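Below: one structure, written as structure tokens.
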Number of protein chains: 2
Amino acid sequence: MDDIIFGKNSVLEALESGEREINKILISKNLHSDAKLNKIKELAQRKGVVFQFVAKEKFAPYAEFNHQGVIAQIAPIEYMDLDEFLEMPHQNDSLIILDGIEDSHNLGAIIRTAVCAGVSAIIIPSRRSVQVNSVVEKTSAGAINHIPIIKVNSLTSAVEKLKNSNWWIIATDASAKDNYYDIKYNDMNFAIIMGAEHAGVSKSLLKSSDFTVKIPMLKDFNSLNVSNALAIIIFEAVRQKLTEKKFTK
Amino acid sequence: MDDIIFGKNSVLEALESGEREINKILISKNLHSDAKLNKIKELAQRKGVVFQFVAKEKFAPYAEFNHQGVIAQIAPIEYMDLDEFLEMPHQNDSLIILDGIEDSHNLGAIIRTAVCAGVSAIIIPSRRSVQVNSVVEKTSAGAINHIPIIKVNSLTSAVEKLKNSNWWIIATDASAKDNYYDIKYNDMNFAIIMGAEHAGVSKSLLKSSDFTVKIPMLKDFNSLNVSNALAIIIFEAVRQKLTEKKFTK
């Protein structure tokens, strides 16, 4: 099913950015013209996006959203297949595996950080996890269009596949002995598993990981937001990559 | 004015954690008893918290919140005075200065990360900034009770005061020459200035900073969430502190 963008501002933004393919814009027949609506129609026409005037009853299913009589149907996120990803060449690449992240803001922030850190893809499970919804897209600040999302039925099988394809698996666990900066991230393909906000990484995944690492805390308050925890680890890998480069040049 | 916590679950949580002082609990007279409500009354009685049955009209001002007929009035956050903070002894301490952060989720996540990294205090301006509201408290996962928040009328004056008290000022700026990991964070008291989500650190503050640093990106998508950016920088300082300790022991 199509994703939907609600309201004049959001539809206008989507038209202007051109980041997501818009299938159709629906405008309520009862709507009075104003500057924003005119701009929407003008941009849609210029960009070849279909718009249609419909009875206000068409908006009834979206009563809970602030649609202002204007919605855009956009093409849904296309997920990548893990096998397809593994068939591509990889050298010193990184992956992020999200084990049951539930909060849309967190997923959005993780996607942004992953793109900035040059991560190759993000793997999420098809169940017990937040999916890529409109809050995620908004919080990702457009980053969702710059990184493939791989959806898998079983994270355990995905991890086995990765290991068989020469990827190293790093899981985060508050009781780990090693600190995240003890790992040498260069010279390998690695996947970092981040656990759910409360439960952490599931035991079966911890067991099949090659490394487990923790983030040492300076105060006994062991509760980093999951996107912040990921940012700390993945940018340590970036730091190692950039500083090692400097020395070997 | 008091801060207010809405709904049975949140009030129960507040009673159980005991992290914030509860002034009074108000319960709607029309409310039917259930297990949660009984637990609230029982806990309140045991902990000596006043609760009062009031007409449902008392809840009219809170119609937009999901209060379920139960609210708790809690003592407001007590802000610390900058002068008071500077009079305390400081050695290799860190501070975070937030220049116009507008998003409650971001402030909450920043507070959590700051506590985990052992930061001494967070400075926010009294205007053009999100204040410590209930979303901030919730997103901070209780961390708000473990770090002083300093509210100042002018960040520029605050920075001058800090500099005169032997603090070093580090501002983040995407166009800086130095990377955040080029700084040696040990052996000094430092304050990191993080800018607003869109505008960044204001020019006058950049000018009065001792260092400006950037976070190098591996992909040309220069848009980290502000709490993630802070996490990356402050935990580099933690890493330096912990690894240097290891070597000198």
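Taken together, the values in this text are just the output of simple stated rules run on the coordinates, not laboratory data. Note that the coordinates shown come from a computational prediction; the quantities given were computed from them, not determined experimentally. All Cβ positions, even for glycine, are placed from backbone atoms using ideal geometry, and neighbour counts span all protein chains on display.
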Note to self: With unit charges on the beta carbons (Lys and Arg positive, Asp and Glu negative) and the dipole taken about the Cα centre of the stretch B:114-249, which residue among B:Ala196, B:Val136, B:Ser165 sits farthest to the positive side?
What the structure shows: B:Ser165
Check: Using modelled amide H (1.01 Å from N, peptide plane; none on Pro or chain starts), what sits under 5 Å from the amide H of B:Val213, excluding residues fewer than 5 places away?
Finding: B:Ala171, B:Thr172, B:Asp173
Item checked: Contact order normalised by residue count of the stretch B:82-247, Cα under 8 Å, 6+ apart, percent -> 28 percent
Next item on the list: Taking a label point 7 Å out from Cα toward Cβ, give me the nm distances from A:Glu78 to the same spot in the other copies, shortest first, one decimal.
Entry: 5.9
Next item on the list: Determine the principal axes of the Cα atoms in chain A, then give the extent along each, sorted from largest to smallest and rounded to whole angstroms.
Entry: 64, 41, 36
Next item on the list: Excluding residues on the same chain fewer than 8 positions from A:Lys8, give the aspartates and glutamates whose Cα lies under 20 Å from its Cα.
Entry: A:Glu16, A:Glu19, A:Glu21, A:Asp34, A:Glu42, A:Glu57, A:Glu64, A:Glu137
Notebook entry, point to check: Which distances, in nm and shortest first, link the B:Asp187 label point to the same label point in every other copy, taking 7 Å along Cα→Cβ?
Noted result: 3.1
Next item on the list: Check cross-link reach from B:Lys161 to the lysines: straight Cα distance under 17 Å, and skip same-chain residues fewer than eight apart.
Entry: B:Lys151, B:Lys207
Checklist line | Positive-end residue, the protein assembly as shown charge dipole about Cα centroid, Cβ charges, pick of A:Ile149, B:Ala44, B:Ser126 | finding: B:Ala44
Margin query: Using the crude model of +1 on Lys and Arg Cβ and -1 on Asp and Glu Cβ, and no other charge, please compute the dipole size for the protein assembly as shown relative to its Cα centre, in debye to 20.
Written below: 280 debye
Checklist line | Estimated vicinal HN-Hα couplings, Hz - the stretch B:79-96 in sequence order (Karplus 6.51, -1.76, 1.60; Gly, Pro = x) | finding: 7, 9, 8, 4, 4, 4, 4, 6, 6, 6, x, 9, 9, 6, 8, 10, 9, 10
Check: Can you give the alpha-carbon Rg of the protein assembly as shown over 2.2 N^0.38 Å, where N counts its residues?
Finding: 1.07
Checklist line | Label point distance in nm, B:Glu160-A:His198, each placed 7 Å from Cα along Cα→Cβ | finding: 5.0 nm
Notebook entry, point to check: Mind listing which GluC sites (Glu not before Pro) in the stretch A:79-112 are in a DSSP loop and have 16 or fewer other Cβ atoms within 10 Å?
Noted result: A:Glu102
Notebook entry, point to check: Taking the stretch B:1-67, which chymotrypsin sites (Phe, Trp or Tyr not before Pro) meet the DSSP loop condition and have no more than 16 other C-beta atoms within 10 Å?
Noted result: B:Phe65
Next item on the list: Quote the charge dipole size of the stretch B:1-150 about the Cα centre in Debye, to the nearest 20; the model charges only the Cβ of Lys and Arg (+1) and of Asp and Glu (-1).
Entry: 940 debye
Next item on the list: Report, for the stretch A:82-247, the % of DSSP beta bridges that are antiparallel, rounded to 5.
Entry: 5 percent
Check: Per residue of A:145-154, what is the mean number of Cβ atoms on other protein chains within 10 angstrom of that residue's Cβ?
Finding: 1
Item checked: Paramagnetic label zone (point 7 Å from Cα along Cα-to-C-beta, A:Asp210; backbone N under 20 Å) in the stretch A:119-144 -> A:119-124
Check: What percent does the relative contact order of the stretch A:1-93 come to when contacts are Cα pairs within less than 8 Å and at least six residues apart?
Finding: 46 percent
Next item on the list: Using per-residue counts of other Cβ atoms within 10 Å, averaged over each peptide, order A:229-242, A:172-185 from highest down.
Entry: A:229-242, A:172-185
Note to self: Please compute the average number of Cβ atoms from other chains found within 10 Å of each residue's Cβ in peptide B:111-118.
What the structure shows: 6
Checklist line | DSSP beta bridges in the protein assembly as shown [antiparallel fraction, %, rounded to 5] | finding: 25 percent
Check: Using modelled amide H (1.01 Å from N, peptide plane; none on Pro or chain starts), what sits under 5 Å from the amide H of A:Arg128, excluding residues fewer than 5 places away?
Finding: none
Notebook entry, point to check: Once phi is turned into θ = phi - 60°, what whole-Hz ³J(HN,Hα) does the Karplus curve with 6.51, -1.76 and 1.60 give for every residue of the stretch B:177-186, x standing for Gly and Pro?
Noted result: 7, 7, 8, 4, 8, 7, 7, 9, 7, 6
Notebook entry, point to check: What gaps in nm, shortest first, separate A:Lys161 from its twins in the other copies when you place the label 7 Å past Cα toward the beta carbon?
Noted result: 5.7
Notebook entry, point to check: How many Cβ atoms of partner chains, on average, are near each residue of A:102-108 if near means within 10 Å of its Cβ?
Noted result: 2
